[in-house]
Amino acid sequence: MRVFISHSSADAWVARKISEDLRGRGVDTFLDAKDLQTGDPIEDSIHGNLADCDELLLLVSPAALKSAWVLIEVGGARALGKRLIPILLHVAPNELPDPINRNLARRIDEIDTYYGEVQQRAQGARKDPVPPPTLDVAPPAHATAEPPGIGQTVRVTTDPAEPYRHPVWVPEMNPYKGRVARVLGYADKTRDVFLLDLDGPGRGYGFAARWLEPV
């Protein structure tokens with residue numbers, strides 16, 4: 001079990017304490033201050049470690065809600081089907097924006113409850129590992145022959161329904177069907193999930209190559 005800790009730099013001391021608490025309970029963590037070294041490519045390292053983690057702990061503070069990197073990490077976690085854990089720091093539950101408010105959040109003073117839950121998940125993963133099923137699903141007719149390149153203009157498909165393929169299209173992405181956008185970069189280390197220059201919260205979602213049509 002490995003937890004990716006997403007946070008604003010303004011809350012680095014809280015993030016470090018959470019990382020120490022989790023590691024003390026036998027749960028591995030990814031924390032930029034702990035795991036990145038001088039000269040590391042930040043974007044590639046973030047995306048690669050997000051793909052390798054089991055869940056993303058989002059430290060939700062006023063500063064985090066204004067952070068572009070936090071938004072990108074949340075979108076990447078959703079695109080990869082990761083469990084999202086919002087921990088509230090000086091933010092009320094009714095202040096959470098979509099799509100974060102769709103996940104049960106804990107206040108920072110309730111974090112011991114989460115520690116107990118993640119320990120149980122970690123113990124279950126060690127005792128009874130179950131390999132994921134292999135599903136042979138043909139690519140949809142609208143899938144591109146080649147993945148788009150950085151800077152390429154693409155159109156988001158209007159027919160993404162593929163319930164058994166990874167990554168999963170989430171309902172919050174529906175407003176972006178048919179939208180034309182430019183490819184900003186990769187959302188994960190497979191380089192088959194892309195970030196687009198869409199406005200609002202959609203900017204943080206990772207769009208699979210099969211959902212994109214060249215324009």
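None of the figures in this text is laboratory data; all of them are computed from the coordinates on show. In this text, all values refer to a predicted model and were calculated from it rather than measured experimentally. Cβ sites come from the backbone with ideal geometry, for glycine too, and all protein chains shown count toward neighbours.
Compute the FRET efficiency between Glu20 and Ile150 as 1/(1 + (r/R0)^6), taking r as their Cβ-Cβ distance and R0 = 45 Å, and round to the nearest 0.05. If you can, show how the numbers build up before the last one.
On the way: r = 37 Å, r/R0 = 0.82.
So the FRET efficiency works out to roughly 0.75.
Provide the gained length on full extension for the span Ala68 to Ser9, in nm with one decimal, where the gain is 0.36 nm per separating residue minus the Cα-Cα distance.
Values: separation 59, 0.36 × 59 = 21.24 nm, distance 1.17 nm.
Fully extending the segment from Ala68 to Ser9 adds 20.1 nm.
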Point-charge dipole on Cβ atoms (K/R +1, D/E -1) for region 2-127, about Cα centre, debye to 20: 380
Anisotropy class of region 1-119 from Cα gyration tensor, a/c 1.5 cut: rounded
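If you stretched the chain out fully between Asp197 and Arg107, how much longer would it get, using 0.36 nm times the residue separation minus the C-alpha to C-alpha distance? Please list the in-between numbers first.
Details: separation 90, 0.36 × 90 = 32.40 nm, distance 3.21 nm.
Additional length available on full extension: 29.2 nm.
Filter the trypsin sites (Lys or Arg not before Pro) in region 1-91 down to the DSSP loop ones having no more than 13 other Cβ atoms within 10 Å, then list what survives. Can you show the working numbers first?
Numbers: sites: Arg2, Arg16, Lys17, Arg23, Arg25, Lys34, Lys66, Arg78, Lys82, Arg83; in loops: Arg25, Lys82.
Sites meeting the loop and neighbour criteria: Arg25.
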Average Cα contact separation per residue, region 54-105, under 8 Å, 6 or more apart, as relative contact order %: 44
